[in-house]
1. Treating the angle as unsigned and between 0 and 90°, give the value, to the nearest 10°, between the Cα long axis of helix A:39-70 and the longest Cα principal axis of chain A.
2. Within the accessible area of chain A, what % is carbon and sulfur when the probe is 1.4 Å and the other protein chains stay in place?
3. Given the options A:I28, A:M195, A:Y217, identify the residue whose Cα lies farthest towards the positive end of the charge dipole of chain A (+1 on Cβ of Lys, Arg; -1 on Cβ of Asp, Glu).
4. For the protein assembly as shown, report the accessible area per residue in Å² (1.4 Å probe, heavy atoms, rounded to an integer).
5. Please give the charge dipole size of chain B, origin at the Cα centre, charges +1 on K and R Cβ atoms and -1 on D and E Cβ atoms. Round to the nearest 20 debye.
6. Sort B:45-53, A:139-147 for me by packing, meaning the mean count of neighbouring Cβ atoms within 10 Å per residue, highest on top.
7. How far is helix B:73-88 tilted, in degrees, relative to the longest principal axis of the Cα atoms in chain B, given as a value from 0 to 90 rounded to the nearest 10?
8. Over the range A:38-116, what is the mean sequence separation of C-alpha contacts under 8 Å (at least six apart), divided by residue count, expressed as relative contact order in percent?
Amino acid sequence: MTGRLNRIAYEDGVSESIGFLLIFTLVIVGIGLVTLYGYPMLLQQQVSADEQIMEKNMIVLQNDVKSLAYKTIPYKETSLKIGGGTLSVFNSSYTPPSGVPAAITILDNNGDLIDSFQSGDLMYLSDSAGTDVSLQNGAVVKRHRVEPGSVMLAEPRWFYDGMTKTMVINLINITSDEMLSRAGVGTVQMSLGDMQFQKFSVDDVPSTLHPPVYLKYTPNKNQDYSIAWDNYFRRSLGMSLTSGTPGNGLELQYQFPDTTTLVVKQFEVNIRSL
Amino acid sequence: MAGLRDDAQWIVLMGFIVSFSLFFVAIVINQSTVVGQTTAEAVIEFPKNDIRGMRDMIIQSEFLVDEGVFNNKTNVQNDIKTLSLHRQNSVVSFSSRNPTGSDPHTYIEIHYSNGVTAYNETWRSN
């Protein structure tokens, strides 16, 4: 009898329905938090993981292009998984529906040395991250679709040799027989096409009279990678900006550092399939 | 409480340590693709054979004479420069100093650069 009385005393203020409500609320709040915050966070992680994987993949593809161009290996193929977007080839003869494709012109005071070279590109268009990663002219560049900036993830192999005052420029022209595009798992097959070698030299001129050489970069207004290229031209190659503002989609002109020999190599890389 | 045995608490602690270390290992693995890529690239890209070949050719060419067409020293040396630009994507320049009365050696200054690797040497004949 005493035990029973005690038990009753211990259960004072205990209600089954309140207890149920409390536990139920906790469970609902838990599920709610996961749905509202956890799940979007997971999705975001997935998107950025896809993007990062594709950035790495583009660098792998850039290495393939390097092997083709600089080591004259005739053929390369790489299997990769393209997640969260599509990989497409815009070959060098492709004209966008509006605006002009990006082009590089090299000129001196006597006129054009290389007239409006269009590289074409291999581009990853992310569906959900809103970014484009492009392999163009031997460089990997990335931009956000809604913001004006762009960044170079891997530089092309252009170089300036200060000792001999030689500028070596490698232009890589991406071609394909048809428009190609791929999502999911695919194999990128590429082969080396024609190669052109041009050398412009002013060795016999006294050093104070070296004629200036200019590079003109015209970005594609809808795919503006000019900030990435601007950084590369100025920081890595030591060129100086002579006209234009990077990032507004208009033509930019750069002057080379003191150059006596200019070597321009043009490689054609043919994308067989994606 | 008196009878509570806590000898096995280390199992729980080990569990914590293992899971935290897994977490760090995951971070490291996540970075490995890029590192492997760049390291492999650095090894492959080092142009050891290019430099050796170029150096041998330059030294050989130094002892040619400026006569005829095919074995002409100037032609051969110009060809070396053109070929290395064309085939190896590298800038090569070199100059030599002939033996003088007090110094019986020939010196050749060799400069090689392919944008990633630069090599400079002053070669001296024996």
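1. Around 20 degrees separate the two axes.
2. After summing per-atom areas, the C and S share lands at 55 percent.
3. A:I28
4. Heavy-atom SASA per residue in the protein assembly as shown reads 58 Å².
5. Roughly 40 debye for chain B.
6. A:139-147, B:45-53
7. That helix lies at roughly 20 degrees to the long axis.
8. Relative CO of the range A:38-116 lands at 19 percent.
The values are calculated or read from the model by the stated rules, or taken from the named source; none is laboratory data. Since the structure is predicted, the reported quantities are computational estimates derived from the model, not experimental observations. Here the Cβ is made from the backbone with ideal geometry for all residues, glycine too, and neighbour counts use every protein chain on show. Remember, those area values only see protein heavy atoms, side chains included, never the ligands or the DNA or RNA. Shrake-Rupley method; radii C 1.70, N 1.55, O 1.52, S 1.80 Å.
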